[in-house]
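Enquirer: Below is one structure. I have some questions about it.
The values are calculated or read from the model by the stated rules, or taken from the named source; none is laboratory data. Keep in mind that this is a model prediction, so the values were computed, not measured. Neighbour counts are summed over all protein chains in view; Cβ atoms, including those assigned to glycine, are modelled from backbone coordinates with ideal geometry. Heads up: the accessible areas ignore ligands, DNA and RNA and are worked out on the full protein's heavy atoms, side chains in. Shrake-Rupley method; radii C 1.70, N 1.55, O 1.52, S 1.80 Å.
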Protein chains: 2
Amino acid sequence: MPYRAPVDDYQFIFDHVVGFGQVTSTDRFAEAGEDVATAIMTEAGRMCEEVLAPLQRAGDLTPAHLDNGVVRTSPGFAEGYRAIAEGGWVSISADPKHGGMGLPMTLTTAVNEMMSAACLSLQLSPLMTQGQIEALEHHASEEIKALYLPKLVSGEWCGTMNLTEAQAGSDVGALRTKAEPNGDGTYAITGQKIYISWGDNDFAENICHLVLARLPDAPKGTKGISLFMVPKFIPEADGTPGDPNTLKVVSLEHKMGLHGSPTCVMSYEGATGWLVGEENDGMRAMFTMMNNARLGVGGQGIGVAEGAYQQALAYAQDRTQGRALMTGGTGTILDHADVRRMLLEMKADVFAARSIALACAVAIDMETATDSQDWSARAALLTPIAKAFGTDVGIDVANTGVQVHGGMGFIEETGAAQFVRDVRVTAIYEGTNGIQAMDLVARKMADGGEAMNALLDEIEEQAEGARGSLPDLAEPVWQASETLRETVDWMVGQSDLNDRFAGAVPFLRAFARVLGGHYHLAAAIAEGGDGRRSRLARFYIERLLPEHTGLCAHATAGAEGLYSLAPEDFAA
Amino acid sequence: MPYRAPVDDYQFIFDHVVGFGQVTSTDRFAEAGEDVATAIMTEAGRMCEEVLAPLQRAGDLTPAHLDNGVVRTSPGFAEGYRAIAEGGWVSISADPKHGGMGLPMTLTTAVNEMMSAACLSLQLSPLMTQGQIEALEHHASEEIKALYLPKLVSGEWCGTMNLTEAQAGSDVGALRTKAEPNGDGTYAITGQKIYISWGDNDFAENICHLVLARLPDAPKGTKGISLFMVPKFIPEADGTPGDPNTLKVVSLEHKMGLHGSPTCVMSYEGATGWLVGEENDGMRAMFTMMNNARLGVGGQGIGVAEGAYQQALAYAQDRTQGRALMTGGTGTILDHADVRRMLLEMKADVFAARSIALACAVAIDMETATDSQDWSARAALLTPIAKAFGTDVGIDVANTGVQVHGGMGFIEETGAAQFVRDVRVTAIYEGTNGIQAMDLVARKMADGGEAMNALLDEIEEQAEGARGSLPDLAEPVWQASETLRETVDWMVGQSDLNDRFAGAVPFLRAFARVLGGHYHLAAAIAEGGDGRRSRLARFYIERLLPEHTGLCAHATAGAEGLYSLAPEDFAA
């Protein structure tokens, strides 16, 4: 797959859509000016194009496998990982104190997206490590930080997240893995964890597992969960990997896609672990890690969408078929109206999802730089939307990419089908998209809709400003925002949370649709309404934004109708 | 996969939704009364449950493969095929003169759907044979009929369709395969065909290829295409397979799914063929075959959707997770509002798509029985909708089925992912769904919208009749029909076909959404508004039907915006 890093698009969105200038105007990120950002993205983009993209198929064709208890990775993955680590792409935003670049999450988000587009299954490894770095920076003791962070930041060691157990998936609080004090400050961790992405590999010196477990007599549910660092090899004081810990990979899953990424069943058998954060306070640390990872997973969806789009476009520009119905003069299927519709849907949704993710990253950076409650609320609000919409777009765009290819799309050699298979899990892991939507209508509305309304105010302010110059783009965005505001009001007015949950997924989608309109309008405004981005904005606003009305109707239908069917009615 | 044949649902739709009674009131189908229909569906359903469903995984795990030029099929497929043939399920609607049952297409449609749900990759073989039988019945000479039909009808021989060539996919007219007269009434067929589903197998005595080819000096494009019967073994006069023909399977495709179905590259090397129909009139015969197959492929999507729904429901009724947020008292994830939303979307869309397909089949039967132009127009109108919406529903429902499973959905052993992989091609083959939509807004509107408006009249008549008793269901359906009518008017008013093509896919989807509302309303009326089908209808009408407004806006946006982007704007 030839992949071209869309650096210009990030740069445009930084400058004209999500206000990255606010970030570089802070003291904290003053060094991340335009030159630095461009240099980072260009350099990372080249690595993605030249080193990672050629690994995409290899990961699919030669899956990671278990060989005498050790994971053997796909051909070229070790070299690919080394390029990521040596480029510093694991730790763009990590604290310079431990070797990171200390640059904004906005840059990390762009680079992560490019790596996802080029080789999703390999990119998942550094994404997990990034989350671990963030969790340790915020919650670990100085000793653990000093011992682990330099190795994780350099990429010599890799990090994993161990939450899920067979009976504890979306309901993390149901987990049973035990942590018993050894009396020397360490703990003995015993239990089995499933779906552990990159639970082992053959290219890192050490694998650092962050494991959720219960102390003896811990309270039930999420309030009794603690977080532990459980390394594959117990580090010596000088940071060299020492004795093997009592943990092992039991098996790898046989998955629909993402074959290059080993998904492990892990067994901890009295393994030595160190507490991270306070006792019974593991969920807080986990959420630090997970929020980071959620934005990252949204970016995975967007990256795959970009890759699928580029491949479909290349096919459309090469394929000749059905001349009699052609309009446009390229002599390829790009001349067909329906092929253009498909490609523009793909492109317009990539832009919308990318802008949402980068706006979320900007909010995170502003929160970091200013400690502002408003930015914190904005980041919290945008995270589930960035995750769910980004991955939905990944799935939809990859599917449309297959369709553009016609019969060739169903043939594995083409590569279009792999995007569909690989990206499917992104709507499931790090909290299913249903969980994201429930988070959006519950926790993210606990402020009575204040953060949402503040965002809608901004949307309407921009639309009002453009009413004179771009009325046919600005007016529908303003109207859509009003419809969404009524939907937010309805949601806030429901005292029974289940009435919100009943419409959570369509609500999130409607919110994303409106945000997409807002960011497309920003692009059109930046161009003065005349240019290719304005034409894409018009496509989106005229043809995709209207989807929000149906979604808002669905969002406000309430729970009663869902429970009017008895369980036996479902089967009949 | 345990599969339960939804015979009750077909029966209900026959009796209360699509008016199957009209069919059995005709002389032609007088024998297909309720008892016969129920017996057929019950018997076929049992075969699907007991014989075919257990083959589903085997086809995926042990794909058909090429062994010294011969296709070896997946374990158990030969026995499965024999059960289909011996049950008579290849030829429910074939002419009794050649051994068929002579029963309505409506029954064939229901049985085909069940076979698709149980084992899609195997079901594709008899589906191809059915199309061939229909093409021969309508277009072949008496000699060919007498020689081939009894063998095809009994299932001893299988049929294939050979249209596509590397440079001729959606544009069939671009094909190059040559047919040269041998001087003895036969033709020498030379060329390569791709994507030939079930191009060979190891369980039929003979494989009968219907091949599109060009005679010497034939006109260009579709007007110069003729149809030939090219058997694998040249039959003796008594119907025993004789000498091998000069044709071969070059290779099998490695596909995203449908591994049990061998997709062949076929090479014809001066193979002996017999003309079917008139010279240069092959497209007409091919359309007979294709229209049948299009409805059949729509049924494949619906069948897979049913299978995926049943599996997701079984999982949801077994899995416990997230008790704290549960409402409803089953103690399983069926208590979660979002899980119910997903399952009800699946179930409501299966009902909508199934009703559309069966309404199409009823129209075909009425056309056959009465030679009525109106029924012919109705069948022609519903065919592309049944195909495209049925397969879109297959893809969407299979994807939602994965989501209901959470992480388990991505693991191949579960079987949920196989539905996604298998069904994906149904939106592509037998005319991509884009082609279906273009057919709908061009050929199916060549009457100035007459057939569509007649259908909308029926929709509104039913809705008006229910306004008193079920106002909150009837009113939105009536309104939606009016919105769709305006959209039809807009389409008819476009003199440039490309303006229709620009919105063809959302138009088809909007049409299906409104039809779904109509049929759900019919179900609610039949129950007097009180029952599980009425509750499902309410779900659909309140939550899914509103999608049509956004789709109609998209449908009427015109072509100009699609062509305002230059080819280089797509890449940037």
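Enquirer: What about B:VAL425, is it within 20 Å of A:ASP338 (Cα to Cα), of a type in the set (Val, Ile, Thr) and in a helix (DSSP H, G or I)?
Expert: yes
Enquirer: Follow-up. Among the residues of region A:273-294 satisfying the criterion of being in a strand (DSSP E or B) and open to solvent by 30 Å² or more (accessible area, probe 1.4 Å), which is nearest to A:GLY221 (Cα to Cα)?
Expert: Selected residue: A:LEU275.
Enquirer: Hey, another quick one. So is B:SER116 open to solvent by 10 Å² or more (accessible area, probe 1.4 Å), out of contact with any Asp or Glu (no Cβ under 8 Å at 6 or more places or on another chain), at pLDDT 95 or above and small (Gly, Ala, Ser) or not?
Expert: Against the criterion (open to solvent by 10 Å² or more (accessible area, probe 1.4 Å), out of contact with any Asp or Glu (no Cβ under 8 Å at 6 or more places or on another chain), at pLDDT 95 or above and small (Gly, Ala, Ser)), B:SER116 does not qualify.
Enquirer: Looking at the structure I just gave you, is B:ALA83 within 14 Å of chain A (Cβ to nearest Cβ), in contact (Cβ under 8 Å) with a residue 24 or more places away in the chain and among the small types (Gly, Ala, Ser)?
Expert: In short, no.
Enquirer: Consider B:ASP439 carefully, then state whether it is within 14 Å of another protein chain (Cβ to nearest Cβ), open to solvent by 20 Å² or more (accessible area, probe 1.4 Å) and under 30 Å from A:HIS405 (Cβ atoms).
Expert: no
Enquirer: Which residue out of B:GLY185, B:GLY100 is at positive phi and over 17 Å from the mean Cα position of the chain (by Cα)?
Expert: Testing whether each residue is at positive phi and over 17 Å from the mean Cα position of the chain (by Cα) leaves just B:GLY185.
Enquirer: Can I ask one more? Restricting to region B:359-378, name every residue that is small (Gly, Ala, Ser) and either in contact (Cβ under 8 Å) with a residue 60 or more places away in the chain or surrounded by fewer than 24 Cβ atoms within 10 Å (Cβ to Cβ) (or both).
Expert: Result: B:ALA359, B:ALA361, B:ALA369, B:SER372, B:SER376, B:ALA377.
Enquirer: What single numbered condition from (1) over 30 Å from B:ARG500 (Cβ atoms); (2) more than 11 Å from chain B (Cβ to nearest Cβ) fails to hold for A:GLN311?
Expert: With (1) over 30 Å from B:ARG500 (Cβ atoms); (2) more than 11 Å from chain B (Cβ to nearest Cβ) applied to A:GLN311, the lone miss is (1).
Enquirer: Do we find a residue being surrounded by 18 or more Cβ atoms within 10 Å (Cβ to Cβ) and of a type in the set (S, T, N, Q) anywhere in region A:558-572?
Expert: Scanning region A:558-572, I find no residue that is surrounded by 18 or more Cβ atoms within 10 Å (Cβ to Cβ) and of a type in the set (S, T, N, Q), so the answer is no.
Enquirer: Applying the selection to region B:451-485, what residues are outside any helix (DSSP H, G or I) and open to solvent by 40 Å² or more (accessible area, probe 1.4 Å)?
Expert: Matches in region B:451-485: B:ARG467, B:GLY468, B:SER469.
Enquirer: Restricting attention to region A:151-182, which residues are hydrophobic (A, V, I, L, M, F, W, C), within 27 Å of the chain's Cα centre (by Cα) and away from chain B (no Cβ under 14 Å)?
Expert: Passing the criteria: A:LEU152, A:VAL153, A:TRP157, A:CYS158.
Enquirer: Return the residues of region A:510-565 that are assigned to a loop (DSSP other than H, G, I, E, B) and aliphatic (A, V, I, L, M); say none if nothing qualifies.
Expert: A:LEU545, A:ALA557, A:ALA559, A:LEU565
Enquirer: Which number in (1) in contact with a Gly (Cβ under 7 Å, 6 or more places away or on another chain); (2) at pLDDT below 95 marks the one condition that A:PRO567 misses?
Expert: Of everything listed in (1) in contact with a Gly (Cβ under 7 Å, 6 or more places away or on another chain); (2) at pLDDT below 95, A:PRO567 misses just condition (1).
A quick yes/no check of all residues on (1) in contact (Cβ under 8 Å) with a residue 24 or more places away in the chain; (2) under 30 Å from A:ILE525 (Cβ atoms); (3) in contact with a helix residue (DSSP H, G or I) (Cβ under 9 Å, 6 or more places away or on another chain):
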position: A:TYR10; (1), (2), (3): yes, yes, yes
position: A:HIS16; (1), (2), (3): yes, yes, yes
position: A:VAL23; (1), (2), (3): yes, yes, yes
position: A:ALA30; (1), (2), (3): no, yes, yes
position: A:ILE40; (1), (2), (3): yes, yes, yes
position: A:LEU55; (1), (2), (3): yes, no, yes
position: A:GLY59; (1), (2), (3): yes, no, yes
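Enquirer: How many residues are on the phi < 0 side of the Ramachandran plot and either touching a Leu at 6+ places or on another chain (Cβ under 6 Å) or open to solvent by less than 10 Å² (accessible area, probe 1.4 Å) (or both) when one looks only at region A:188-219?
Expert: Matching residues across region A:188-219 total 15.
Enquirer: Looking at region B:530-555, which of its residues are more than 7 Å from chain A (Cβ to nearest Cβ) and either surrounded by fewer than 20 Cβ atoms within 10 Å (Cβ to Cβ) or under 30 Å from A:GLN311 (Cβ atoms) (or both)?
Expert: B:ASP530, B:GLY531, B:LEU551, B:ALA555
Enquirer: Could you please find all residues in region A:556-572 being more than 7 Å from chain B (Cβ to nearest Cβ) and either of a type in the set (Val, Ile, Thr) or on the phi < 0 side of the Ramachandran plot (or both)?
Expert: Scanning region A:556-572 gives A:THR556, A:GLU560, A:ALA566, A:GLU568.
Enquirer: Quick test for you: out of B:LEU258, B:LEU325, B:LEU343, pick the one residue that is of a type outside the set (Gly, Ala, Ser), open to solvent by less than 30 Å² (accessible area, probe 1.4 Å), at the interface with chain A (Cβ under 10 Å from one of its Cβ atoms) and under 30 Å from A:GLN167 (Cα atoms).
Expert: Testing whether each residue is of a type outside the set (Gly, Ala, Ser), open to solvent by less than 30 Å² (accessible area, probe 1.4 Å), at the interface with chain A (Cβ under 10 Å from one of its Cβ atoms) and under 30 Å from A:GLN167 (Cα atoms) leaves just B:LEU343.
Enquirer: Go through the residues of region B:386-396 one by one and say whether even a single one is within 11 Å of another protein chain (Cβ to nearest Cβ), in contact with a Gly (Cβ under 6 Å, 6 or more places away or on another chain) and surrounded by fewer than 24 Cβ atoms within 10 Å (Cβ to Cβ).
Expert: no
Enquirer: Could you please let me know if B:SER495 is more than 27 Å from the chain's Cα centre (by Cα) and either within 25 Å of A:LEU545 (Cβ to Cβ) or surrounded by 21 or more Cβ atoms within 10 Å (Cβ to Cβ) (or both)?
Expert: Answer is no for this residue.
Enquirer: On to the next question. Sort out which residues of region B:160-190 are assigned to a strand (DSSP E or B) and closer than 22 Å to A:ARG323 by Cα, and write them in order of number.
Expert: The answer is B:ASN162, B:GLU165, B:ALA168, B:LYS178.
Enquirer: Could you list all residues from region A:12-35 that are out of contact with any Asp or Glu (no Cβ under 9 Å at 6 or more places or on another chain) and exposed (fewer than 15 other Cβ atoms within 10 Å of the Cβ)?
Expert: Those that are out of contact with any Asp or Glu (no Cβ under 9 Å at 6 or more places or on another chain) and exposed (fewer than 15 other Cβ atoms within 10 Å of the Cβ): A:SER25, A:ASP27, A:ALA30, A:GLU31, A:GLY33, A:ASP35.
Enquirer: Do we find that A:THR222 is closer than 30 Å to A:ALA427 by Cα, modelled with pLDDT under 95 and open to solvent by 10 Å² or more (accessible area, probe 1.4 Å) in this structure?
Expert: For A:THR222, the condition - closer than 30 Å to A:ALA427 by Cα, modelled with pLDDT under 95 and open to solvent by 10 Å² or more (accessible area, probe 1.4 Å) - is met.
Okay, residues lined up against (1) free of Cβ contacts under 8 Å to residues at least 60 places away in the same chain; (2) among the small types (Gly, Ala, Ser):
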residue: B:ALA204; (1), (2): no, yes
residue: B:HIS209; (1), (2): yes, no
residue: B:PRO235; (1), (2): no, no
residue: B:SER251; (1), (2): no, yes
residue: B:PRO262; (1), (2): no, no
residue: B:VAL265; (1), (2): no, no
residue: B:TYR268; (1), (2): no, no
residue: B:GLY273; (1), (2): no, yes
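Enquirer: Would you mind stating whether A:ILE428 is within 8 Å of chain B (Cβ to nearest Cβ), among the hydrophobic types (A, V, I, L, M, F, W, C) and buried (at least 22 other Cβ atoms within 10 Å of the Cβ)?
Expert: So A:ILE428 fits the description; yes.
Enquirer: Give the residues of region B:408-425 that are open to solvent by less than 20 Å² (accessible area, probe 1.4 Å) and within 8 Å of chain A (Cβ to nearest Cβ), sorted by residue number.
Expert: Passing the criteria: B:GLY409, B:PHE410, B:ILE411, B:GLU412, B:ALA417, B:VAL420, B:ARG421, B:ARG424, B:VAL425.
Enquirer: Among (1) modelled with pLDDT of 95 or more; (2) in a loop (DSSP other than H, G, I, E, B); (3) surrounded by fewer than 21 Cβ atoms within 10 Å (Cβ to Cβ), which single condition is A:GLY239 missing?
Expert: Going through (1) modelled with pLDDT of 95 or more; (2) in a loop (DSSP other than H, G, I, E, B); (3) surrounded by fewer than 21 Cβ atoms within 10 Å (Cβ to Cβ) one by one, A:GLY239 breaks only (1).
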